[in-house]
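Structure first, commentary second.
The values are calculated or read from the model by the stated rules, or taken from the named source; none is laboratory data. Computed from a predicted model, the values in this text were never measured in an experiment. In this analysis, Cβ positions are derived from the backbone assuming ideal geometry, glycine residues included, and neighbour counts consider all displayed protein chains.
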């Protein structure tokens, strides 16, 4: 087993579940920001970009990247744990 797979197989299941949960939350936030870009201004009451919407699209990108990273890592760790168990 390669070093990365070995390391991933030893990640505690709680960490894998938390990564999956935060990844799912990031995916929901990315979707929310993509569908309704003004939600952050409504929720916080601030307009950091002066209403242009640029900040909201950066948030979509950040949340989507976080979702891909967290969910990809959780999936890789889950697969490595499953492969090590068999």
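So which of 30, 76 ends up being in contact (Cβ under 8 Å) with a residue 60 or more places away in the chain, part of a helix (DSSP H, G or I) and surrounded by 14 or more Cβ atoms within 10 Å (Cβ to Cβ)? Before the answer, list the steps.
Values: 30 fails: in contact (Cβ under 8 Å) with a residue 60 or more places away in the chain.
Every option except 76 fails the conditions.
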| request: Enumerate the pairs (first residue in the range 41-67 and under 16 Å from residue 28 (Cα atoms); second residue anywhere and in a loop (DSSP other than H, G, I, E, B)) with beta-carbon separation below 6 Å, excluding pairs fewer than 6 apart on the same chain, so at least 6 apart or on different chains. | output: 56/37
| Can you tell me which residue in the range 6-17 is surrounded by the most Cβ atoms within 10 Å (Cβ to Cβ), limited to those that are within 21 Å of the chain's Cα centre (by Cα) and in a helix (DSSP H, G or I)? | 8
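With the structure loaded, tell me whether residue 62 is surrounded by fewer than 16 Cβ atoms within 10 Å (Cβ to Cβ) and either over 30 Å from residue 12 (Cβ atoms) or modelled with pLDDT under 85 (or both) or whether it fails that test.
Details: surrounded by fewer than 16 Cβ atoms within 10 Å (Cβ to Cβ): yes; either over 30 Å from residue 12 (Cβ atoms) or modelled with pLDDT under 85 (or both): no.
Spelling it out, it is not the case that residue 62 is surrounded by fewer than 16 Cβ atoms within 10 Å (Cβ to Cβ) and either over 30 Å from residue 12 (Cβ atoms) or modelled with pLDDT under 85 (or both).
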